[in-house]
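Notes for the one structure printed next.
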Amino acid sequence: MKPASATHLIIGASSGIGLACARHLAREGSAVVAAARDKARLAAAFPNLPAEARVAVDITVAADRVRLAGVVPMLEGLVVSAGGNAPAPAAALTEERLTELTDVHLHAPLLLLAALLKAKKLRKGASVVWIGSVAALSGEPGNTAYTAAKAGLMATVRPLARELAPRGIRVNAVVPGLVDTPMTERLFAALPPGARDAQAIRHPLGMPTPDNVAAAVAFLLSSRTARITGTCLPVDGGFLAG
């Protein structure tokens, strides 16, 4: 008898890394619940998914988190890839922008996890994967707010891994370098000419693609990593090696 498919909830599934993760897992035979803010983009990205597996939700909104935790089935995996960035010097940082970035990159993922745990939607043996960033480890000027938010999220990996281990739930993060996504294109569009080439040089194996990141996420979700928890796995083309 063929084993039942694992079910994975992907946050931020309508574009970039989240989209690549959802498609990669679906190709591997997983049942995917794709969640993102834009209902139309979700429908366009996943026309073959049943409507109940496409959930329009903003995880920074408390009511949406509770609703999502209520409608998803039992899960073997959670991937959180929602977010955005707009670098600015420290002198231009506003309370509104700092709150926006910490809400989406730190507060919302943790509060969503709390909602899923309260609803008992994560099975024993489930795997949680945050999408971090090398920015949290490298110290890029003009990127303080985003760096702080991602560093905060990555800092939760170890305490959560220890806390949830008795339930058999693993917690890890994948830490991409600069990935070729729409968000990255928007960043380069706001920078001087030549910025892309300068960043490419800092990734000696090449800038990772969304599919490179998705493969690492799928690895951490799989039973092959049943004894791996509390780790932050770089997928950065050698960025941190330099």
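Principal semi-axes of the equivalent ellipsoid, √(5λ) from the alpha carbon gyration tensor of the range 7-235, are 27, 19, 19 Å from largest down. Cβ crowding within 10 Å ranks Lys120, Lys150 as Lys120, Lys150, fewest other Cβ atoms first. Annotation: amide H-H contacts under 5 Å for Leu78 (H modelled 1.01 Å from N, sequence separation of 5 or more, or interchain): Leu9, Ser127, Val128, Val129. Each residue of the range 145-153 is assigned a 3J(HN,Hα), and the resulting list reads 5, 5, 4, 4, 5, 5, 4, x, 4 Hz, derived from the Karplus form 6.51 cos²θ - 1.76 cosθ + 1.60 (θ = phi - 60°), x at Gly and Pro. Within the listed set Pro208, Pro176, Pro159, the Gaussian network model of the chain (springs between alpha-carbon atoms below 10 Å) gives the highest mean-square fluctuation for Pro159.
The H on the amide N of Val55, modeled in the peptide plane, is under 5 Å from the matching H of Ala34, Ala35, Ala36, each at least 5 residues off or on a different chain.
Only Cα pairs under 8 Å and 6+ residues apart enter the sum, and on that basis the relative contact order of the chain stands at 21 percent. Spin-label model, Leu98 to Leu205: label points 7 Å out along the Cα-to-beta-carbon direction sit 3.6 nm apart.
Under 5 Å from the amide H of Ala173 lie the amide H atoms of Trp130, Thr231, Cys232, Leu233, each residue being 5 or more positions distant or on a separate chain, with H modelled from the backbone and absent for Pro and chain starts.
Farthest toward the positive end of the dipole of the chain, out of Val80, Pro182, Ala31, is the Cα of Ala31, where the dipole comes from beta carbon charges about the Cα centre. Helix 16-27 and the long axis of the chain differ in direction by around 30°, with both axes built from C-alpha atoms. Across all directions, the average flat footprint of the convex hull enclosing the Cα atoms of the range 43-153 is 8.2 nm². About the centre of its Cα atoms, the chain shows a dipole size close to 1020 debye [charges on the beta carbon of Lys, Arg (+1) and Asp, Glu (-1) only; nearest 20 debye]. The order of the peptides 133-145, 51-63 by mean Cβ neighbours within 10 Å, most packed first, is 133-145, 51-63. Using only Cα atoms, tell me the angle between helix 108-118 and the longest principal axis of the chain; keep it within 0 to 90° and round to the nearest 10. So the helix axis and the longest Cα principal axis differ by about 10 degrees.
Bear in mind that the values in this text are calculations on the coordinates, not laboratory data. Since this is a predicted model, take the numbers as computed values, not measurements. Please note: Cβ atoms are built from the backbone with ideal geometry, for glycine as well, and neighbour counts cover all protein chains shown.
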